[in-house]
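One structure is given below, encoded as structure tokens.
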């Protein structure tokens with residue numbers, strides 16, 4: 001059974017999603033997402049019945065930490081000006 005966060009995490013676009021996911025760690029210290037390809041592979045579609053802060057759709061990602069699965073819902077349409085999360089963590093540093 002998957003655990004889920006209570007609210008969608010607000011990020012800016014696919015790069016924001018990849019950046020957020022790249023900074024998560026499992027309890028054992030490993031990262032469940034280690035590349036842009038892994039972030040795309042973890043994308044499980046839209047989170048049915050959930051809406052973002054401005055009524056937008058919410059994307060769901062399934063992350064594996066050992067035998068556990070965590071579902072993370074991301075609101076990709078939260079883009080304040082000069083947002084840090086608008087950088088690609090795999091290519092922009």
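Read the figures in this text as sums done on the coordinates, not as results from a lab. What you are looking at is a predicted structure, and each value in this text was computed from that prediction instead of being measured. Reconstructed Cβ throughout: ideal geometry from the backbone, glycine too, with neighbour counts over all protein chains shown.
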For the stretch 2-83, share of DSSP beta bridges that run antiparallel, in % to the nearest 5
70
Apply 1/(1 + (r/R0)^6) to the Cβ-Cβ distance of residue 34 and residue 56, taking R0 = 25 Å, and write down the FRET efficiency to the nearest 0.05.
0.35
Most exposed to least, judged by fewest other Cβ atoms within 10 Å, 48, 69 sort to 48, 69
